Structures are given as C-alpha cells and as structure tokens.
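What follows is a set of notes on a single structure, which appears directly below.
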Amino acid sequence: MGKLYATSVANAKPNERDYKLTDGEGLYLLVRKSGRKLWRMNYSHCGKQRTLSFGAWPEVSLADARDRRDDARSLLASGIDPSHQRKVDAARARVEENDTFKAVAKEWIAKNEREDMAEITLAKIRWLLDMAYPKIGNRPIAKITAQEVLAVLRSIEATGRYESARRMRSVLSRVFRYAIATTRAEHDPARDLRGALTVPKAKHLAAITTAKEAGELMRAIEGYTGHGITLFALRLSAHLFVRPGELRRAEWSEFDFERAVWNIPAEKMKMRRPHRVPLSAQVLTLFEQLWDLTGTGKYCFPSFRSGARPMSENTVNAALRALGFGKEQMTAHGFRAMAATLLNECGRFNPDAIERQLAHMENNGVRRAYTRGEYWDERVSLMQFWSDELERLRDGAKVLKPNFGGARQPA
C-alpha cells in the first residue's frame, strides 16, 4: 500500500468528483471537487465500520494526521472506540470550561452557608476570594497551575499584606480540595506553596494588661458621654470579656436571668461550640438597665439605624478612640486579653477554668472530651470575682458619674 508525500498532498488537484489518496492503516486524504482537502480514517470497532475526521489540510499537516491516526489505533488496541472517546473528551472540555474557579468557589461558599458557618468568617472568605478572581476566577479550575496560584499570592504580598496572603493560600486550598471532592479537579496547586510565602510577623491585638491601666480604663468608661447603648456595650465588654462579635450579636432570648447565665449558641461561636457565660450580680444589674433601652427588640445591642440588625462591629472601638485610647493601646478584643492576664496573675483560679471561660478550644481531642463541662462552679466564682475586681480597680481614684441622660431609644 502506497504512502503519501507532503508534495503529493500539496499538488493534489480537484476533479469533477471527490476522490481519495490513501496513506495506509486507514488514513487517507479526501480531495473534494471544491478543492478542499480533508483527512479521514476508516476503522472497524465491534464489527462496525466507522470514519474518523482529523481536520483539513494545510491546517493539519501529513505528519499531524499520521500522529492522530496512531493515537486512534492505540485506543483501538485498548478496546476503546476513538469516536466515542472524542465525544467524551469534548464533553469533559465543555464541563471544565464551565467549572471555573469562581463558579466552584461560589458553590463551596453556598455549602458553608448551609452548614451555618459564621457570617463574619464568610465575609472574610469572600473578601479574600474577590482579590483572587481577577487572575484565576475565569480559569477552568482543573487547569490552574501552582505558578498561577503563586502569582495571585505574590500580588498580595507585593502590597505588604503577608498575613492576607497566608490566609488566601489556605482559602484557595480549601476551594481546590472541594473541587477534588466533587470530581472537578485532580490536585490542589495551593497545597505546597506555604513555604514560598513570606512568614508574617506575629501581631497581638492592642490591650491593657496592668491593674493600674485597667482602673484608668474603667474610670474612663464611666465618664463616657456618647450613646447610652454604647456605654453598656463598653461596660459589658469589660465584665464579660467575650469576643466582640458575640457581644454585639447577643439576643435577649439567649439569657436565663433566673439562673444568671448567658447561653451562646454554637453558630455564633468562633469554634462552633455552644458556650455558657455566668452572669455576676453587677452584670445582671447592667442588663436590667439595658432592658429599658432595647428590651422590646431582638438584639441587646441593636444598630442605631435598624433594630433588625446588631450594633456595628466598629462601635466599641470607636468609643474607645473617643475616650482617648488609641488603636495601639486598646481594642474591643483587648478586653479578653486584659481579663486573661489579670485573672491568671491573681493566682486564684485554675488556668484551665480561665481558658474555658474564654471559650478557647483544647487542642488535645481526648483531653477536650475528658474535661468537657468542667470548672462551671469555679467559672461562676471567677466571673463574680472579676466584676468585683473591676469595681475595685475603678474605685482606685475618683469615679466619674455615668451619663444616662444622653441615652435614647435605638432607631
């Protein structure tokens, strides 16, 4: 059987009827009367005669056509119909083009929403992903390379936001792992890039951690002349030392004032575990006074604009700034460090009880299961001691009378 040459293909002229120039092993050139030259391959699979198209000359050269014929024969040798495989490959390519990184990421976020991930965590994830979308958002997720991911991370590092780059790598990796689990990708290109990133220097949120400064802070809070609800948020931030988001989103329905306990549901907690906060006598009095301002609504600390939303996350920090405490000196989150430091220094309480009250997660799973529910009585005593201590520190100098006259109902 004769073989074709590149010159014979190029010199083939059209006739009144279509004709074929064979090359062997099923491959031939179909010369149309219109002058078009098309590569075809005849083959047999499962007793049926089929024809495979390889494209037109000169876009597909003789060498290219032979390579495609050889690939098809390899599939046939493995019992695979090359025509069917071509359809499968085309379908997969269409799916890959639709399964962009952005599409898969949004699907993953929706899954986390259904699983009640904290809204503040979701907001941070969306913020990080929004910075990645311009570079890889429209890329098929299965085709994204480690180099592309690194380019995204380097663009964040270039602005000096090393911690954001570190967090983004983690979020991107979680999206890729979700794509693998849902059969849209086969590997996670972000997994091994941790060592390529600049390690951020540890930053600690500003906090007052000495008894003298704590007393000054409590006296300043009592002299706050801003919104009445904000005054209660400042006071209770100090007495309860929960996370700022947990306090501002507190709902009246979560409190059992007869048993003097605040039951925070798991979906509001950072570690996704329910948490109980014993209420001291001082805290009970503060909530009784706050009830007159916001007790008819859902939230203990509603937004000033709408009772349907909780107080802004910046309210307490803004109040601290108004009191003269710079962001390098004290933050809303700093009340936790203040309590943790001074309670540990006093030496009266088991450090594990303090950690449990801070709702810190025990790293050892076995130990966490064993100690679950412990220290409640000690935590009750701890919270009362802390409220008494705050009053003692506050009374170390002249106490400024709190301004209730400026309090007004939330809009």
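Filtering region 43-64 down to residues that are of a type in the set (D, E, K, R) and either modelled with pLDDT of 95 or more or within 53 Å of the chain's Cα centre (by Cα) (or both), which residue is farthest from residue 5 (Cα to Cα)?
Filtering first and then ranking leaves 50.
Filtering 148, 186 for residues that are among the acidic types (Asp, Glu), farther than 30 Å from residue 319 by Cβ and not in a helix (DSSP H, G or I) leaves a single hit, 186.
Note on region 302-326: residues that are surrounded by fewer than 17 Cβ atoms within 10 Å (Cβ to Cβ) and under 26 Å from the mean Cα position of the chain (by Cα) total 5. Scan region 127-148 and give yes if some residue there is assigned by TED's automatic domain parsing to the domain that holds residue 183, β-branched (Val, Ile, Thr) and in contact with a Pro (Cβ under 7 Å, 6 or more places away or on another chain), otherwise no. Scanning region 127-148 turns up at least one residue that is assigned by TED's automatic domain parsing to the domain that holds residue 183, β-branched (Val, Ile, Thr) and in contact with a Pro (Cβ under 7 Å, 6 or more places away or on another chain).
Restricting to region 29-50, give me the number of residues that are surrounded by 14 or more Cβ atoms within 10 Å (Cβ to Cβ) and either in contact with a strand residue (DSSP E or B) (Cβ under 9 Å, 6 or more places away or on another chain) or touching a residue at least 60 places away in the same chain (Cβ under 8 Å) (or both).
Pass one, region 29-50, residues surrounded by 14 or more Cβ atoms within 10 Å (Cβ to Cβ): 29-32, 37-43, 45, 50.
Then drop every residue that is not either in contact with a strand residue (DSSP E or B) (Cβ under 9 Å, 6 or more places away or on another chain) or touching a residue at least 60 places away in the same chain (Cβ under 8 Å) (or both), which leaves 29-32, 37-43, 50.
Qualifying residue count for the region: 12.
Matching residues to (1) assigned to a loop (DSSP other than H, G, I, E, B); (2) hydrophobic (A, V, I, L, M, F, W, C); (3) within 53 Å of the chain's Cα centre (by Cα); (4) at pLDDT 90 or above:
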{"site": "17", "(1), (2), (3), (4)": "yes, no, no, yes"}
{"site": "28", "(1), (2), (3), (4)": "no, no, no, yes"}
{"site": "41", "(1), (2), (3), (4)": "no, yes, yes, yes"}
{"site": "71", "(1), (2), (3), (4)": "no, no, yes, yes"}
{"site": "75", "(1), (2), (3), (4)": "no, yes, yes, yes"}
{"site": "96", "(1), (2), (3), (4)": "no, no, yes, no"}
{"site": "105", "(1), (2), (3), (4)": "no, yes, yes, yes"}
{"site": "108", "(1), (2), (3), (4)": "no, yes, yes, yes"}
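In the condition set (1) assigned to a loop (DSSP other than H, G, I, E, B); (2) of a type outside the set (D, E, K, R); (3) touching a strand residue (DSSP E or B) at 6+ places or on another chain (Cβ under 7 Å), residue 262 is compliant with all but (1). If the condition is being surrounded by fewer than 16 Cβ atoms within 10 Å (Cβ to Cβ) and over 20 Å from residue 235 (Cα atoms), then region 329-355 contributes 344, 345, 346, 347, 348, 350, 351, 352.
Under 9 Å between Cβ atoms, at least 6 apart or on separate chains: pull out the pairs that start in region 1-28 with a residue that is without any contact (Cβ under 8 Å) to a residue 24 or more places away in the chain and end on any residue that is assigned to a loop (DSSP other than H, G, I, E, B) and among the aliphatic types (A, V, I, L, M). Partner pairs satisfying both residue conditions: 19/12; 21/4; 21/12; 22/1; 22/4; 24/1; 24/4; 28/4.
With the structure loaded, tell me whether residue 301 is at pLDDT 90 or above and either touching a helix residue (DSSP H, G or I) at 6+ places or on another chain (Cβ under 7 Å) or not hydrophobic (A, V, I, L, M, F, W, C) (or both) or whether it fails that test.
Working: at pLDDT 90 or above: yes; either touching a helix residue (DSSP H, G or I) at 6+ places or on another chain (Cβ under 7 Å) or not hydrophobic (A, V, I, L, M, F, W, C) (or both): yes.
It is true that residue 301 is at pLDDT 90 or above and either touching a helix residue (DSSP H, G or I) at 6+ places or on another chain (Cβ under 7 Å) or not hydrophobic (A, V, I, L, M, F, W, C) (or both).
Scanning region 269-285 for residues that are without any contact (Cβ under 8 Å) to a residue 24 or more places away in the chain and assigned to a helix (DSSP H, G or I) turns up just one, 285. Note on region 22-53: residues that are over 12 Å from residue 82 (Cα atoms) and either of a type outside the set (A, V, I, L, M, F, W, C) or in contact with a helix residue (DSSP H, G or I) (Cβ under 7 Å, 6 or more places away or on another chain) (or both) total 19.
Please tell me if residue 151 is within 17 Å of residue 193 (Cα to Cα), more than 18 Å from the chain's Cα centre (by Cα) and either assigned by TED's automatic domain parsing to the domain that holds residue 184 or free of Cβ contacts under 8 Å to residues at least 12 places away in the same chain (or both). For residue 151, the condition - within 17 Å of residue 193 (Cα to Cα), more than 18 Å from the chain's Cα centre (by Cα) and either assigned by TED's automatic domain parsing to the domain that holds residue 184 or free of Cβ contacts under 8 Å to residues at least 12 places away in the same chain (or both) - is met. Evaluating residue 209 against the criteria (1) over 19 Å from the mean Cα position of the chain (by Cα); (2) in a helix (DSSP H, G or I) leaves one unmet condition, (2).
Conditions (1) surrounded by fewer than 13 Cβ atoms within 10 Å (Cβ to Cβ); (2) closer than 30 Å to residue 172 by Cβ, marked per residue:
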{"residue": "13", "(1), (2)": "yes, no"}
{"residue": "52", "(1), (2)": "no, no"}
{"residue": "58", "(1), (2)": "yes, no"}
{"residue": "72", "(1), (2)": "no, no"}
{"residue": "83", "(1), (2)": "no, no"}
{"residue": "98", "(1), (2)": "yes, yes"}
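Within the option set 265, 274, 244, being surrounded by 21 or more Cβ atoms within 10 Å (Cβ to Cβ), touching a helix residue (DSSP H, G or I) at 6+ places or on another chain (Cβ under 8 Å), at pLDDT below 95 and not β-branched (Val, Ile, Thr) holds for one residue only, 244. Scanning region 164-179 for residues that are closer than 17 Å to residue 137 by Cβ and free of Cβ contacts under 8 Å to residues at least 24 places away in the same chain returns a single hit, 173.
Please tell me if residue 288 is under 27 Å from residue 377 (Cα atoms), modelled with pLDDT under 95 and part of a helix (DSSP H, G or I). Criteria not met by residue 288.
The values are calculated or read from the model by the stated rules, or taken from the named source; none is laboratory data. Just so it is clear, the model here is predicted, and its values are computed rather than measured. As a convention, Cβ positions derive from the backbone with ideal geometry for all residues, glycine included, and neighbour counts pool all protein chains shown.
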